[in-house]
Amino acid sequence: MFKSLSDLKNYCREHNIKMVDFKMIDIAGRWRHLTIPVEKFTEKILENGIGFDGSNYGYAPLEKSDMIFIPDITTANKESFVEVPTLSMIGDVFIIGTPHKPFDQDPRNVANKAEEYMRSTGIADEIRIGPEFEFYVFDHISYNVSPNSTGFKVDTNQAAWNSGNTDFPNLGYKVPIKGGYHMTPPMDLLYDFRSKLCMELEERQVSVKYHHHEVGGPGQLEVEVEFGGIREMADKTMLIKYITKNAAFKEGKTATFMPKPIFAEAGSGMHVHMHMFKEGNPIFYDENGYSGLSKEALYFIGGLLKHAPALCALTNPSTNSYKRLVPGYEAPVSICFATANRSAVIRIPAYAKSPMDKRFEIRNPDATCNPYFAYAAILMAGLDGINQKIDPSECGYGPYDINLYNLSKEEQSKIKFLPRSLDEALDALEKDYEFLLEGEVFTKRLIDIWIDRIRSESTRINQIPHPAEFEHYYDL
């Protein structure tokens with residue numbers, strides 16, 4: 001938003017800003033923040049940063065935990081969900097030194113290096129990605145994990161399970177299970193919420209393509225935004241999640257990006273569309289290629305599919321992710337590509353026909369990921385595909401222009417599948433990570449830290465008795 005501190009100071013005076021809030025990304029992909037009075041925001045902070053304990057962010061320091069963050073004033077926007085007028089911006093993590101050195105575990109630094117590596121290869125000078133954001137909005141959420149009690153409950157007025165509610169008033173108009181796609185009011189109770197959310201995003205320089213009710217009947221929504229670069233869209237992903245959660249909270253509701261919060265309902269993914277350019281020219285288009293795709297595009301797809309199991313450890317890093325990636329829904333389970341086929345990991349939209357629009361999407365990611373790591377890893381896998389000339393058809397990845405769930409068992413046996421659990425995905429990343437180390441985008445240390453942290457979470461969750469286990473096994 002700002003190019004200089006003087007511009008920022010002028011804005012603060014004009015808008016009566018009293019506080020400046022700095023948001024930093026921890027290793028899991030959550031924002032943390034620290035706030036100072038606006039008078040204390042000086043050129044010295046932009047040069048020397050503000051010290052903090054990086055170990056509390058999940059980072060493993062090389063020597064000591066004391067680090068600094070330096071604000072990026074180009075990301076500044078007025079904060080919407082506080083009473084005191086506040087300007088908010090993102091900070092980058094550095095190791096203290098002369099000069100300060102970018103920290104190799106800092107997610108924004110990883111995203112930066114991925115784009116720099118792409119340019120160094122000469123393949124392209126720009127990648128543009130467009131995530132789709134699916135999430136649920138509930139009226140109530142409660143959960144409990146203790147030695148003698150484990151369970152959760154979600155509720156929303158529009159859910160089909162409330163059709164028999166005898167409390168006055170029940171006005172009907174409930175949304176059927178898996179029947180919410182493009183539903184209109186009065187069943188779509190969240191229409192105004194989505195419109196206000198999108199207006200808030202537009203004010204924060206996040207350009208919205210459209211919004212609508214998604215398949216999930218109990219309040220599943222989607223907002224799709226315009227394309228941007230890797231770090232840019234990772235920044236905006238953090239902002240979109242932050243604004244969505246706070247906008248819902250402000251209205252007495254609760255929003256979640258969990259991939260599978262409700263059994264037997266549609267899960268929430270974060271499909272990522274992508275295309276690449278060199279000197280302004282699209283490199284993914286060839287009118288004579290399959291579905292209008294160039295060899296470079298197909299090689300990129302080949303890289304994504306070859307590394308798909310390992311990518312899952314970064315794009316789907318929660319145990320809940322694999323409750324979404326199951327057959328019978330629109331979530332993909334098959335490692336293959338196709339045109340207009342939502343059951344494939346890579347889908348090529350049939351409606352994107354022009355050279356500048358020609359693209360494809362990877363459909364397995366979800367929003368529990370750290371977006372900087374996930375988007376960077378997707379780019380690195382695709383670049384490896386181009387560098388290694390990985391032809392997806394020669395590797396047996398398709399194209400499969402049919403509903404994969406309708407294939408015979410014999411045909412299905414020829415197709416490779418995504419990991420069925422988080423532990424399987426972590427095992428795959430342990431075996432297949434070299435492509436992430438190119439250009440020093442990721443470091444082996446960061447990958448090891450990530451695997452150890454996520455595996456520890458998975459081990460703990462897998463050890464907790466599940467309510468359904470009592471249903472199945474208590475009387476045996």
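The values are calculated or read from the model by the stated rules, or taken from the named source; none is laboratory data. None of the values given here were measured: they were computed from a predicted structure. No Cβ is skipped: glycine too gets one built from the backbone with ideal geometry, and neighbour counts run over all protein chains shown.
Within the stretch 458-471, the presence of at least one residue that is under 21 Å from the mean Cα position of the chain (by Cα) and not assigned by TED's automatic domain parsing to the domain that holds Ala60 is confirmed. The set of residues from the stretch 298-325 being of a type in the set (A, V, I, L, M, F, W, C) and either under 18 Å from Tyr375 (Cβ atoms) or under 19 Å from the mean Cα position of the chain (by Cα) (or both) comprises Phe300, Ile301, Leu304, Leu305, Ala308, Ala310, Leu311, Cys312, Ala313, Leu314, Leu325. Kindly check whether there is at least one residue in the stretch 148-155 that is outside the structural domain of Ala376 (by TED's automatic domain parsing), surrounded by 13 or more Cβ atoms within 10 Å (Cβ to Cβ) and more than 23 Å from Lys236 (Cα to Cα). No. Of the residues making up the stretch 225-276, just one is among the acidic types (Asp, Glu) and without any contact (Cβ under 8 Å) to a residue 40 or more places away in the chain, namely Glu232.
For the stretch 342-357: of the residues being within 21 Å of the chain's Cα centre (by Cα) and not hydroxyl-bearing (Ser, Thr, Tyr), which is modelled with the lowest pLDDT?
Filtering the stretch 342-357 for residues that are within 21 Å of the chain's Cα centre (by Cα) and not hydroxyl-bearing (Ser, Thr, Tyr), the one modelled with the lowest pLDDT comes out as Arg342.
For Arg453, the test of being out of contact with any Ser or Thr (no Cβ under 6 Å at 6 or more places or on another chain), at pLDDT 95 or above, part of a loop (DSSP other than H, G, I, E, B) and of a type outside the set (A, V, I, L, M) is failed.
Just one residue in the set Ala255, Ala264 is aliphatic (A, V, I, L, M) and either in a loop (DSSP other than H, G, I, E, B) or surrounded by fewer than 21 Cβ atoms within 10 Å (Cβ to Cβ) (or both); that residue is Ala264.
Ser291 meets all of the listed conditions (1) under 16 Å from Gly398 (Cβ atoms); (2) not in a helix (DSSP H, G or I) but one, namely (2). When we screen Asp432, Asp427 for residues that are free of Cβ contacts under 8 Å to residues at least 12 places away in the same chain and either touching a Cys at 6+ places or on another chain (Cβ under 7 Å) or assigned by TED's automatic domain parsing to the domain that holds Ala350 (or both), the only hit is Asp427. Out of curiosity, is Asp188 part of a loop (DSSP other than H, G, I, E, B), surrounded by 16 or more Cβ atoms within 10 Å (Cβ to Cβ), of a type in the set (Asp, Glu) and free of Cβ contacts under 8 Å to residues at least 60 places away in the same chain? The answer is yes for Asp188. Among the residues of the stretch 98-140, just one is assigned to a strand (DSSP E or B), over 22 Å from the mean Cα position of the chain (by Cα) and touching a residue at least 60 places away in the same chain (Cβ under 8 Å), namely His140.
Quick one: is Lys178 among the charged types (D, E, K, R), assigned to a loop (DSSP other than H, G, I, E, B), farther than 15 Å from Thr254 by Cα and over 21 Å from the mean Cα position of the chain (by Cα)? Yes.
Residue-wise test of (1) outside the structural domain of Glu440 (by TED's automatic domain parsing); (2) within 15 Å of Phe22 (Cα to Cα); (3) surrounded by fewer than 18 Cβ atoms within 10 Å (Cβ to Cβ).
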| residue | (1), (2), (3) |
| --- | --- |
| Ile36 | yes, yes, yes |
| Gly49 | yes, yes, no |
| Tyr57 | yes, yes, no |
| Glu83 | yes, no, yes |
| Ile90 | yes, yes, no |
| Ile95 | yes, no, no |
| Pro107 | yes, no, no |
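Of the conditions (1) farther than 30 Å from Arg324 by Cβ; (2) touching a Lys or Arg at 6+ places or on another chain (Cβ under 9 Å), Ala111 fails just one. Which one is it? The one condition Ala111 does not meet is (1).
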